[in-house]
Every structure is written in structure tokens, then in C-alpha cells.
Amino acid sequence: MKKAVLGTAAVATLLAALFAPEDEGSIVGPATATPRQVERVAVAPLVAAAAAAPANRALAIEPRRGLDDEEAAILFAKQSWQPETPKKIMLDQQAAQATRTVATVDANAPPPLPFQFLGRFVDEGKAAYFLQAGERNVVARPGDMLEERYRFDGVVQGSLQFTYLPLNLKQTLAVGDLN
């Protein structure tokens, strides 16, 4: 049924294009208004402005000044009709406090450990620990140097212990129960 309707519409369009009158290349003239329509237009202010202008210059239109960066930023700033709720105000204050806290971190504190624990393998009584550092997988045994800044010291109470060598500070990575 759809094909029949589409076919009929296509044939009708083709016939309309074939039997349409030829374009004679005539130019359509400007629209003309009836005298009643002209009276409705407020022409008097335009005529008065033209008469007041000096004869040697046309009406000048002053260009608008551009927006500076601050005005443009305000123009496109995020806006909302919803009133500020106490919860949103509290969250904004907490975010600002967290930003200040991060900025005042102790310079003598080591960075967070870049390792994630993947697993452990024991061979002939010696344990090897599989760690992930970024995109790389690392096999660590006690005493190994890792990432040129860390030394793997071993397991202490169910956690892997590392020494951050630039500051000679101990860090631990909690891994849970090591079977």
C-alpha cells in the first residue's frame, strides 16, 4: 500500500513538472501598498528626522560598542531559575574547603602510592607480589626497587610496606587477607 501511494505521488509530481507554465524570466516588482495602508504607518517621525539632518549628510547610524570579555563571560555564564538550597550551599562550601585543604598539603608528605595489588605467588617458599603501576604490571619481591622511588620492604600485618626513598618514609598498601 505504501509503495502504491509513493508511486502515485511521484507520478503526480512528474506530471506537475511537465505541465507547469514556462518561466518567462519576468522580474517581480516591488510590493505596492494601498493608500489606507500607507496612512497607518507612522511616517511623521522619519520625515522630521530627515528634515533635521544637514543636507550634506545622510542619517548616520552609530555603531554599537562591542562587549568586553567580562561582559561576554557574564552573558554566557551558567544560570538557573532554581533558588539556592541549603544543601547546595553546604556542598559548595565543602568543595571550597577541600580545594583549600589540597593546596595546604604538607610538603614533607609522600605522594599516594601508585600501586594496586593484583595477587601473590609463592614458589619454593618465596613470595612474589603482582602489582599494577599505572598501565604496567610489576612483580615485586622484598628488597626490590620499584618506579625508581620506592623500595618494597615486605608484608607487615597483612599490608604491603614500601619506603618512599626521596623522603625515607614508610607507606603501606592494605591488601586484606594474604592466603
Name the pairs whose Cβ atoms lie under 9 Å apart, with the first residue in the stretch 129-151 and over 16 Å from P111 (Cα atoms), the second acidic (D, E), and 6 or more positions between them or separate chains? V138/D144; V138/E147; P142/D153; G143/D153
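Let's see how each residue does on (1) at pLDDT 90 or above; (2) open to solvent by 90 Å² or more (accessible area, probe 1.4 Å):
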{"site": "P83", "(1), (2)": "no, yes"}
{"site": "L91", "(1), (2)": "no, no"}
{"site": "Q97", "(1), (2)": "no, yes"}
{"site": "Y129", "(1), (2)": "yes, no"}
{"site": "N137", "(1), (2)": "yes, yes"}
{"site": "G143", "(1), (2)": "yes, no"}
{"site": "Q161", "(1), (2)": "yes, no"}
{"site": "P166", "(1), (2)": "yes, no"}
Given the conditions (1) closer than 18 Å to G119 by Cβ; (2) open to solvent by 70 Å² or more (accessible area, probe 1.4 Å); (3) at pLDDT below 90, and given that Q157 satisfies all but one, which numbered condition is not satisfied? (1)
Of the conditions (1) in a strand (DSSP E or B); (2) at pLDDT below 90, L178 clears all except one; give me its number. (1)
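The values are calculated or read from the model by the stated rules, or taken from the named source; none is laboratory data. If you're wondering where the values come from, they're calculated on a predicted model, not measured in any experiment. Neighbour counts are summed over all protein chains in view; Cβ atoms, including those assigned to glycine, are modelled from backbone coordinates with ideal geometry. Please note that ligands, DNA and RNA were not included when accessible areas were found on the heavy atoms of the full protein model with its side chains. Shrake-Rupley method; radii C 1.70, N 1.55, O 1.52, S 1.80 Å.
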